[in-house]
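K.L.:
Let me begin by handing over the structure; questions about it come next.
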Amino acid sequence: MKKILVIGACGQIGSELTPYLRNIYGVNNVVAADCIYPLKGELREAGPSCKIDATQAEDIAIAVKKYEIDTIFNLAAILSAKAEATPMLGWNVGIGALLNCLEVAREYKTALFTPSSIGAFGQDTPHDQTPQDTLQRPRTIYGITKVTGELLSDYYFHRYGVDTRSVRYPGIISNVTLPGGGTTDYAVEIYYAAVKGETFYCPLKAGTFLDMMYMPDALHAIVQLMEADPAKLKHRNAFNIASMSFDPEMLYAEIRKHEPDFKMEYRLDSVRQAIADSWPNSMDDHCAREEWGWKPSYNLDKMTEDMLKVLRTKVTHV
Ligand code: SER
């Protein structure tokens, strides 16, 4: 990776991936792109940026040509619960952007990373230690776009030799940009409520286990996978990666170790609950560990300590 394009640079992952990549590869070698333009703050000031509506192939091709891009990170997506409310939008963004990126990657010979998700699994998938290769068949439109994305990305690799790689992300917990419209968002929002001293109303019921990951591990995974020796990759789209699995009660108890007065009540969201019930409780990630050395650094207690420390500063400064 020498010249990188990040599509969706303003989103939850993009807003942290862009500075992370700039730090590694040099500020001028990482172009931040989003449909919301001009970009704000550091994303715009620290390096090149441009406007890309990923549903328009021409926008992507122009940027790839102009900046002589060799690697594209395609982060454009509508998360699971929002996509259920607007299925056509979920499909058009998820698959429209992906197909455009694949075609541009084929034509200009770039590598391409597009995240998959725990959402790529479904009700009939084994829920505990979900294997790398197993029955998927999700029933959410988000999951359908992710499985389609995995298959299309593998197709472009086998058919055209496009260097496509991906991971199935768990719910990502971060302290810079809030996710929006996801099923796992509660695990971010709860920390904000805790530092603000507000009661948290949990949309998922006790006992709902899901894989989660702290952003530093999520960023590290992307770079490690994209830098991995292709000869060692038996899989490509997409690798299970895991670092922690918890339910709302475990998360609440962990936060209460630091904020003993913090209160959580349950106000169930039936759409999110049904989605969460169809997803793995925990994934088996041994293929990622063996094929490219995946190893997370954060568990629930280390993440909680860091989240609360960062958010306390952030909340007192707004
Ligand atoms: N975080 C995503 C969601 O909840 C899953 O990948 O939709």
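Quick note: the coordinates plus some simple rules give every number you see, no bench work behind them. This structure is a prediction, so every number in the text was calculated from the model and none was measured. Glycine also receives a Cβ, built like all others from the backbone with ideal geometry; neighbour counts cover every protein chain displayed.
K.L.:
Taking amide H positions as placed in the peptide plane 1.01 Å from N, state which residues far from Leu112 in sequence (5 or more) or on other chains have amide H under 5 Å from it.
P.N.:
Result for Leu112 returns Ile72, Asp163, Thr164, Arg165.
K.L.:
Let a ≥ b ≥ c be the square roots of the eigenvalues of the Cα gyration tensor of the range 271-317; is it rounded (a/c under 1.5), or, if not, prolate (a/b larger than b/c) or oblate?
P.N.:
Note, shape of the range 271-317 comes out oblate.
K.L.:
Then there is this: How high is the relative contact order of the range 204-318, in percent, counting Cα pairs under 8 Å that sit 6 or more residues apart?
P.N.:
Relative contact order of the range 204-318: 44 percent.
K.L.:
Express in whole angstrom the spacing between the alpha-carbon centres of the range 210-242 and the range 260-276.
P.N.:
29 Å
K.L.:
For the Cα atoms of the chain, what angle does the longest principal axis make with the long axis of helix 186-196, in degrees from 0 to 90, nearest 10?
P.N.:
Helix 186-196 and the main axis of the chain meet at about 60 degrees.
K.L.:
Oh, and also: Can you give me the angle between helix 87-108 and the longest principal axis of the chain, using Cα atoms only, in degrees from 0 to 90, rounded to the nearest 10?
P.N.:
40 degrees
K.L.:
In addition: Out of Leu178, Met283, Val30, whose Cα points farthest toward the positive end of the dipole of the chain (charges: +1 Lys, Arg; -1 Asp, Glu; placed on Cβ)?
P.N.:
Checking the options against the dipole of the chain, the answer is Val30.
K.L.:
Given the pairs Lys234/Lys295; Lys146/Lys234; Lys82/Lys257; Lys2/Lys295; Lys66/Lys232; Lys3/Lys309, which span a C-alpha to C-alpha distance of over 27 angstrom in this model?
P.N.:
Lys82/Lys257; Lys66/Lys232; Lys3/Lys309
K.L.:
Would you mind calculating the relative contact order of the chain from Cα pairs under 8 angstrom and at least 6 residues apart, reporting the percent as a whole number?
P.N.:
Computed value for the chain: 18 percent relative contact order.
K.L.:
Cβ under 14 Å from Gly119's Cβ, Gly119 left aside: what net charge do those residues give with Lys, Arg +1 and Asp, Glu -1?
P.N.:
Taking every other residue near Gly119 into account, the sum is +1.
K.L.:
Taking the dipole about the Cα centre of the chain, with the C-beta of Lys and Arg at +1 and of Asp and Glu at -1, give me whichever of Leu17, Leu225, Phe262 is farthest to the positive side.
P.N.:
With unit charges placed on the Cβ atoms, the residue in question is Leu17.
K.L.:
Evaluate the relative contact order of the range 8-55 (contact order divided by residue number), counting alpha-carbon pairs under 8 angstrom at least 6 apart; express in whole percent.
P.N.:
With pairs under 8 Å counted, the relative contact order is 36 percent.
K.L.:
Here's another thing I want to ask about it. Expected output is a single nm value to one decimal: the length gained when fully extending between Glu259 and Asn92, i.e. 0.36 nm times separation in residues minus the C-alpha distance. What is it?
P.N.:
Extending this stretch completely gives an extra 55.9 nm.
K.L.:
While we're here: Taking the alpha-carbon centroid of each part, what is the distance from the range 158-186 to the range 1-64 in angstrom?
P.N.:
About 16 Å separates the Cα centre of the range 158-186 from the one of the range 1-64.
K.L.:
Straight-line reach from Lys65: which aspartates and glutamates have Cα under 14 Å away, leaving out those fewer than 8 places along the same chain?
P.N.:
Lys65 reaches Glu103, Glu107.
K.L.:
Now for a different question. Tell me the angle of helix 57-66 to the major Cα principal axis of the chain, expressed in degrees between 0 and 90 and rounded to the nearest ten.
P.N.:
70 degrees
K.L.:
For the chain, what is the mean residue ellipticity at 222 nm derived from helices alone (per DSSP H run of n ≥ 4: -39500 (n - 2.57); sum divided by total residues; nearest 500 deg cm²/dmol)?
P.N.:
-13500 deg cm²/dmol
K.L.:
Dipole magnitude of the chain about its Cα centre, charges +1 at Lys/Arg Cβ and -1 at Asp/Glu Cβ only, in debye to the nearest 20?
P.N.:
Dipole of the chain, to the nearest 20 debye: 560 debye.
K.L.:
Output the antiparallel fraction of DSSP beta bridges having both residues in the chain, as a percent to the nearest 5.
P.N.:
10 percent
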